[in-house]
Amino acid sequence: MMAFLVKTSNSWLKSFWKFSRPHTIIGTSLSVFALYAIALSLTSTSISIANLVVCLATWLVCLAGNIYIVGLNQLEDVAIDKINKPHLPLAAAEFSPQTAWGIVGVCGAFAVVFAAILGNYLLFTVVISLLIGTAYSLPPIRLKRYPLWAALCIFSVRGVIVNLGIFSHFQAQLSSNQGLPPVIWLLTLFILIFTIAIAIFKDVPDLEGDRQYQITTLTLILGKKAVFNLSLGIITCSYLGMIVAAFFPLFQVNQLLLGLIHLVLLILLWLRSFKVDLEQKQEIRDFYQFIWKLFFLEYLFFPLACIFSPTLT
């Protein structure tokens, strides 16, 4: 009996992990911890039990909000996911709609309630993000049907709201009233541009299901090759912009580290792009995951450039 319960529990947790869309969970986690590290470095504050608890609590709130958004999207896309992403729990019948709605409801409520406890900046960030996520997926609005609005939803949350809102939250918790420094605007602009590429490219592997269920995407309008090149060009511009920005002393960063890292990542991006066969769906999915890995790396390397800034040491 115990073995059956353990097996059932493990199976449920595995399905829950897939339901949470791990690449988005990793991205959300890294962004929270990166903004925490940047806030500490810019305010010359040391890690303490108190501010570490605030960071971990903020992380849990953001994870709950993340699961609400991706879960709601899956609930409205079951038929499409059976074609595009049959491994997802609802499409694979590992979760019932009732179970999924329960998870979404609990996570949404948890995010809002605990954000309200932790502070106004976090509450504003969470509420706006959840509202946009709801409008993205849920009828009758369902903005994901329209390429421009769908992209706007994704990059406004990932690019602007999360970075500015979470940083402001941490800054307030650290009792700092310095306003938003140039370096945060630099990171926000980079993530904004990069997320546009993610928003554009994410529908390339899902061509068949989107066409069948009449979800208009740029891939259907322009074709896979054009969208691939457009996404590649946008990411290239974001890296070139960061390399140029590294030469400006306005930003409190280690200029050599920032410029060199982004040059290396740009080279890796192009080397990887040459290997993609757009006629192979798995290769397209792999390249999409590679783009997400580059996104993850930004939230690792950018804080390091801030922490090792000569002006802060």
Exactly one of (1) over 19 Å from the mean Cα position of the chain (by Cα); (2) surrounded by 15 or more Cβ atoms within 10 Å (Cβ to Cβ); (3) assigned to a helix (DSSP H, G or I) is unmet by residue 302. Its number? (1)
Verdict on residue 72 being surrounded by 21 or more Cβ atoms within 10 Å (Cβ to Cβ) and in a loop (DSSP other than H, G, I, E, B): no
Residue count for segment 20-50, restricted to those that are aliphatic (A, V, I, L, M) and in a loop (DSSP other than H, G, I, E, B): 1
Give just the number: which of (1) of a type outside the set (A, V, I, L, M, F, W, C); (2) surrounded by 14 or more Cβ atoms within 10 Å (Cβ to Cβ); (3) under 20 Å from residue 195 (Cα atoms) does residue 281 not satisfy? (3)
Considering only residues that are modelled with pLDDT under 90 and of a type in the set (Gly, Ala, Ser), look in segment 205-245 and name the one that is surrounded by the most Cβ atoms within 10 Å (Cβ to Cβ). 209
Give the residue that is surrounded by the fewest Cβ atoms within 10 Å (Cβ to Cβ), with candidates limited to residues of segment 256-278 that are over 14 Å from residue 190 (Cβ atoms) and in contact (Cβ under 8 Å) with a residue 40 or more places away in the chain. 278
Taking segment 242-272 and keeping residues over 26 Å from residue 283 (Cβ atoms) and out of contact with any helix residue (DSSP H, G or I) (no Cβ under 7 Å at 6 or more places or on another chain) leaves 244, 248, 249, 255, 256, 260
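The values are calculated or read from the model by the stated rules, or taken from the named source; none is laboratory data. All values reported here derive from a predicted model rather than from experimental measurement. No Cβ is skipped: glycine too gets one built from the backbone with ideal geometry, and neighbour counts run over all protein chains shown.
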